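Chemist: The structure that follows is given in the form of structure tokens.
A short reminder: the numbers here are calculations on the coordinates, not readings from a lab. Since we're looking at a predicted model, the values are computed, not measured. Here Cβ is always computed from backbone atoms with ideal geometry, including for glycine, and neighbour counts include all displayed protein chains.
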């Protein structure tokens, strides 16, 4: 496994070593020991989540506030997504900046998103299965988000606007500028 830190400090792209032969393929999708050695980030995951989505679905940008903030390790089991992490750490030199990584069942890439980030993804293929580990339990009262089409962020979700499928909740999320002061 390799780990490459993105332009956002503490946010890593992980690539497993895939062993292939005439029977198929094998790879280790997570090892706490290897993860901590490669990233320098101590981690203790407590919850796994999974969703299935159709092409055009955009989920996010979501975060948990305060003591309920979550770090996530995200990957795709089937299909493909464009995964986006936005730095919301108030004292960060990259506050308000984002990274996007294409995760797919073919490339096996994973994205580690530390606490203090908003997270979202767009679904690039039908029947995409998305899975992620969290280091803290979900708390409804602590949830927050940023509007997917915030012009300050100008994220290209790689889905035409007329093909996007969004939840009612995500359509009315506030813009980044209204998170003043930042609430992560």
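Chemist: Determine, yes or no, whether residue 26 is crowded, with 19+ Cβ neighbours inside 10 Å and over 29 Å from residue 174 (Cβ atoms). Working first, answer last.
Modeler: Details: crowded, with 19+ Cβ neighbours inside 10 Å: no; over 29 Å from residue 174 (Cβ atoms): yes.
No.
Chemist: Quick check on this structure: which one of 112, 138, 132 is closer than 17 Å to residue 60 by Cβ, in a strand (DSSP E or B) and in contact with a helix residue (DSSP H, G or I) (Cβ under 8 Å, 6 or more places away or on another chain)? Talk me through it step by step, then tell me what you get.
Modeler: Working: 138 fails: in a strand (DSSP E or B); 132 fails: in contact with a helix residue (DSSP H, G or I) (Cβ under 8 Å, 6 or more places away or on another chain).
The conditions single out 112.
Chemist: Let me ask you something else. Picking from 76, 86, which residue would you name as being more than 27 Å from residue 151 (Cα to Cα) and either part of a strand (DSSP E or B) or touching a helix residue (DSSP H, G or I) at 6+ places or on another chain (Cβ under 9 Å) (or both)? Step through it out loud before you land on a result.
Modeler: Numbers: 86 fails: more than 27 Å from residue 151 (Cα to Cα).
Of the residues listed, the single one that is more than 27 Å from residue 151 (Cα to Cα) and either part of a strand (DSSP E or B) or touching a helix residue (DSSP H, G or I) at 6+ places or on another chain (Cβ under 9 Å) (or both) is 76.
Chemist: Any residue at all in region 36-56 that's part of a strand (DSSP E or B), touching a residue at least 12 places away in the same chain (Cβ under 8 Å) and loosely packed, with under 12 Cβ neighbours inside 10 Å?
Modeler: Checked against the condition, which is being part of a strand (DSSP E or B), touching a residue at least 12 places away in the same chain (Cβ under 8 Å) and loosely packed, with under 12 Cβ neighbours inside 10 Å, region 36-56 yields at least one hit.
Chemist: I'd like the full set of residues that are in contact (Cβ under 8 Å) with a residue 40 or more places away in the chain, out of contact with any helix residue (DSSP H, G or I) (no Cβ under 7 Å at 6 or more places or on another chain) and in a strand (DSSP E or B), limited to region 2-24.
Modeler: 13, 14, 15
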